[in-house]
Every structure is written in C-alpha cells, then in structure tokens.
Amino acid sequence: MSESSRWLAALWRPFSQTRRAETFTAYALILPALIGFSLFYALPTIRALELSFTDWNMMRPPKFIGFDNYVKLWHDGRFWNGMKLSLYYVLLNIPLQTAIGLFLAVAMDRLTRSIFVRSVVLLPYLLSNVLVALIWLWMLDPLLGVVNHLITSLGLDRQAFLGSPNQALATVAGINIWRHMGLVAMLFLAGLQNIPRNLYEAAMVEGATEWQMFRHITLPLLRPVMVFVLVTSVTGSFQIFDTIAVTTAGGPQDSTNVIVYYIITNAFSFNKMGYASAMSMVLAAVMVLYTLIQMRVMRASDSDLA
C-alpha cells in the first residue's frame, strides 16, 4: 500500500467508525417498534390471510376450502351493505371533521398560543371511545337525555337519534367528530407552525386578503399534513366498531351494521372465523388501494415548502 493510500485509509477510519455507531443506534431505536409491528400487525395479518382460505369455527382444526369464502362474500348482500354503510360513514365523518379541525388549528395559531386552550381542544380525544359512547348514549336518550330536554324546551319534537334508522349513522358520525376533531386540530397546528411567517408578511405587503393567504399559502404548505390526516382518518373511520357496539349494536334495522361490526359479529358471535378473515383481507386490500391512490393524487412525497 502506498503512502497516499495509507493516509486516506487513516483519514476515513474515524468516519467509518462514526457511521457504524450511528447505524447501530438507528437500528436499536427502531427495534422496539419493529418487534411490536411484527407481533401485533404483520404476523396476525399473515395468519388471517391463511385462515381466510379455511372453514374454522374455533372448536375444531381449520379445514382448507380454497377460495370458497371469497366466493361467498362476493354474493353476500350484508357484506356489501356493510361496505356501503362504512363509506357513508366516512363521507359523513371525514369532511366535517377535517374542516372543523383545520378551523380550530388556524384559530389557535392566529388568536392564542395558550396551553390551556390546546388541552381543552384535545381533551375529548384523551377519553376512551367506550366512555365517550356511554356519555353520548345517555345525553341523547329520547326520554331522559339532556339533548332532548333542551330540544323540547325550545318547542321542538323529541328526536330518536341513535334509535332512528335514518339518524343513527349520522349521530355516530357526530359523536366521533366531536371526539377526534381536537387531534386533527393539533396535527394541523403543528403543520401551521412550520410555515415561515415571512411568507404571510410578504403576502400582506402585496395586499393579499386573509382568504387569499389561506388558499395560496396555508393550504398548499399543509399538504403533507393533510395527506396524513386524510389517510389515517379514513382508515380509522372504516374500522369504526366500539362506538357502534356501545350505542346501537349495529341497529336499528342494520342501519349501523358497518363492515367491521359485521366482520366481528361473524367471527365471535357466529364463530365463522375463516369467513371473517376473508372479509378482513378484502377490507385491508381496499384500504391499501385507497392509501396508494390518496398519496399519489396529493403528491405526498413532494414538498411545496422545499
């Protein structure tokens, strides 16, 4: 080895050692998350895929039946009705939840930086879904609920809310909007605080209105946060179960029998674990397809700020 080669090797050695140390630290930090993902997501998904090709009632060994479960769900009207109800729920829930969350975030960013205000906004999300559902179940009771008491005091008729086939799904959506809008607001607020203030100052000098600044500065620069909010919110909305289990149990008249509730009913009430697994795989495929389309349409990997 020449003198120059030895000199270069000696110069590069500390950088190599530093890189190895950083790599080891990085793997050590992601290892707990990787283990959790493998144990609680990846392995159960693989097991569910395997079970989707079987007939299993949890009382005897699974019996391989090929694609029979998928053929069955293709002709299952209640499965498609559950998918349709889940889609309706998403359309009722996501636009309003996103709009209210964005409004709250802009208001907090412009008007106050109070930790107390942020805590109050986030408080509903910190409560469990079951507790929130029980509180609203009592508040919306047709006879004893405080909401109907207020309605009758205004001279209006009592409303069934969770007891009406025409109102139940919208009421469940309203409950979950109230619970999750604070989290959405906090996510948007974090995005707003990363937008350079000199952009707004320059726009004000040019005579831009508040709406023009919101449309041409705030919304474009919030796009990465918007993608995250929409993907996670839509995916979570398709998985709605606990609020429905507590308040309506899929009724009245199957008006809230959304797809996840139907899957869980088949799995644990009717012991059709193989069939429930097949439906879960179809739902997972739909969610993956939606996520890919959403990220492609909204250019999730691009940054307008950059």
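The values are calculated or read from the model by the stated rules, or taken from the named source; none is laboratory data. Since the model is a prediction, treat every value here as computed from it, not as a measurement. Here the Cβ positions follow ideal geometry from the backbone for every residue, glycine too, while neighbour counts run over all protein chains shown.
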Residue selected from the range 247-280 under the condition assigned to a helix (DSSP H, G or I) and surrounded by fewer than 18 Cβ atoms within 10 Å (Cβ to Cβ), by the criterion modelled with the highest pLDDT:
Ile264
Does Leu189 qualify as being at pLDDT 90 or above and within 27 Å of Ala249 (Cα to Cα)?
no
Going through the range 96-146 in order, the residues found to be surrounded by 18 or more Cβ atoms within 10 Å (Cβ to Cβ), among the small types (Gly, Ala, Ser) and assigned to a loop (DSSP other than H, G, I, E, B) are Gly145
